[in-house]
Amino acid sequence: MDLWYTEKHSENVGISLKITGTLFSGKSEFQQLDILETLEYGRMMLLDGLVMVTERDEFIYHDMIVHPALFTHPQPKKVLVIGGGDGGSIREIVKHPTVTEATLCEIDGLVIEKSIELLPSMAAAIDGSNPRVKLHVDDGLAYIREHQDEYDVILVDSTDPIGPAVGLFEEDFYRLVFGALKEDGIMVAQSESPFYHAEIQRDMYRNLRAVYPIVEMYQAFIPTYPSGYWSFAFASKKYHPVSDFNRERAAKRDFYTKYYNEDLHLGAFMLPTFAKENISA
Ligand code: AG3
C-alpha cells in the first residue's frame, strides 16, 4: 500500500511526499503536531498540517534565517528566537563564537519536547546540554514585553500567519521587537513565498517599514515549502545587509554552512521583479 502526505498550497496544487509511517500525532493546547517518516526527505514535522521542517532540506531554512543577520551584525552576543521549537535555528546561532546567549521562546512546549525526542539533528542544541542556550515556553509577545533593550538579533521563526502565529505578522509586534533590540539591533522573520503569498507580504513589509529604517527582503530555495521559493525579511536599526556586510569576516568563518556562503549572502538580496513588486507599496 502506498501512503502519501499532501500539503495543499492552493485549492488545486499541493506537494506530496511518500511516507512510511507516523512517529507522533497529537494535539497541544495550540495546534496539531505530526511527525512523519518520509522516504526521500527523512523525518518531517507538520503543524496544523503545514510542513515546518524535513531532515533533508531544513539546512537551507536554518542557514538562511540565522547567518545573514549574524554576519551583518559586527558582534552579535545575545540572540533571541521566537518560535523555532525544533531547535534548528539555535543550532546555527551557537556556531557563532561571539554569541554568549541564545534564547528560544516557543509558545508550544510539545513542539520542543517532541523535537528533542524525534528530531535530534535539529534539537541537539536545545536538549539542555549547552550552557549558552536558554529555553522559555512562553508567548513571544509576553516575553519581549519583559525584555526591552536587550538583544543584538531577534529571529522570528514562525509558521504561516494563521493560528498561534497571526500576531507575529502585525505592526504592534514589530514595535515590541524593535524595543527589545539594542540601538544597533537586527530582526529577521520568515516572510512566506513571494510566488504564492503576495498579499501577506505586502501587509507584512508595510508593517515592518512603519517601524524600522532598513527593511529588505531576501530569498532562498526550500523544496518542501509552497512553490519552493521562500523569503525572509531583514529589518534593522543601523546595519544594512548588503552595504554594511563584511565579506571577509563571513568568508573566514570557522564552521561549515551547507547553504550559506559569502557570495550567496549578497545574491540572496537580489530579487526578481515580481517579488520586488509584492513589497513595493
Ligand atoms: N517555519 C515554517 C515556515 C512556513 C512553512 N509554511 C508552509 N509549509 N505552508 C519553520 C520553522 C522551522 N524552524
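Name, by its number, the condition in (1) buried (at least 21 other Cβ atoms within 10 Å of the Cβ); (2) among the hydrophobic types (A, V, I, L, M, F, W, C); (3) within 16 Å of the ligand (Cβ to nearest atom) that does not hold for Leu135.
The number of the failed condition is (1).
Considering only the stretch 166-178, I want to know if a residue exists there that is under 29 Å from Glu40 (Cα atoms), touching a strand residue (DSSP E or B) at 6+ places or on another chain (Cβ under 6 Å) and within 16 Å of the ligand (Cβ to nearest atom).
no
From Ser89, Ser16, grab the single residue that is within 15 Å of the ligand (Cβ to nearest atom), under 24 Å from Thr257 (Cβ atoms) and not hydrophobic (A, V, I, L, M, F, W, C).
Going through Ser89, Ser16 in turn, just one is within 15 Å of the ligand (Cβ to nearest atom), under 24 Å from Thr257 (Cβ atoms) and not hydrophobic (A, V, I, L, M, F, W, C): Ser89.
Do you know which residues across the stretch 88-111 are in contact with a Pro (Cβ under 9 Å, 6 or more places away or on another chain) and crowded, with 24+ Cβ neighbours inside 10 Å?
Ile93, Ile107, listed by residue number.
Considering only the stretch 188-198, I want to know if a residue exists there that is buried (at least 17 other Cβ atoms within 10 Å of the Cβ) and more than 13 Å from the ligand (Cβ to nearest atom).
Checked against the condition, which is being buried (at least 17 other Cβ atoms within 10 Å of the Cβ) and more than 13 Å from the ligand (Cβ to nearest atom), the stretch 188-198 yields at least one hit.
Pairs, please: C-beta under 8 Å, at least 6 apart or cross-chain, first residue on the phi < 0 side of the Ramachandran plot and outside the structural domain of Val188 (by TED's automatic domain parsing) and in the stretch 87-109, second of a type in the set (Gly, Ala, Ser) and near the ligand (Cβ under 10 Å from one of its atoms)?
If the second residue must be of a type in the set (Gly, Ala, Ser) and near the ligand (Cβ under 10 Å from one of its atoms), no pairs are left.
Which condition does Ile214 not pass, out of (1) touching a residue at least 40 places away in the same chain (Cβ under 8 Å); (2) more than 16 Å from the ligand (Cβ to nearest atom); (3) touching a His at 6+ places or on another chain (Cβ under 7 Å), if it passes all the others?
(1)
If I go through the stretch 152-176 residue by residue, how many of them are buried (at least 16 other Cβ atoms within 10 Å of the Cβ), in contact with a helix residue (DSSP H, G or I) (Cβ under 6 Å, 6 or more places away or on another chain) and closer than 20 Å to Met217 by Cβ?
Matching residues across the stretch 152-176 total 11.
Please report, ordered by residue number, the helices (runs of 4 or more DSSP H) entirely within the stretch 190-281 with at least 1 residues that are touching an Asp or Glu at 6+ places or on another chain (Cβ under 7 Å).
Here the list reads 198-209, 247-251.
Take the stretch 60-82 and flag every residue that is under 11 Å from Arg249 (Cβ atoms) and either hydrophobic (A, V, I, L, M, F, W, C) or touching a His at 6+ places or on another chain (Cβ under 6 Å) (or both).
The answer is Leu70, Phe71.
Quick one: what pairs do we get from the stretch 179-197, first residue assigned by TED's automatic domain parsing to the domain that holds Gly84 and over 22 Å from Gly167 (Cβ atoms), second more than 16 Å from the ligand (Cβ to nearest atom) and part of a strand (DSSP E or B), C-beta under 8 Å, 6+ apart or different chains?
Note: pairs meeting the criteria are Lys182/Tyr151; Lys182/Asp152; Asp184/Asp152.
The values are calculated or read from the model by the stated rules, or taken from the named source; none is laboratory data. What you see is a predicted model; the values in this text were computed from it and never measured. Cβ atoms come from the backbone with ideal geometry, glycine included; neighbour counts cover every protein chain shown.
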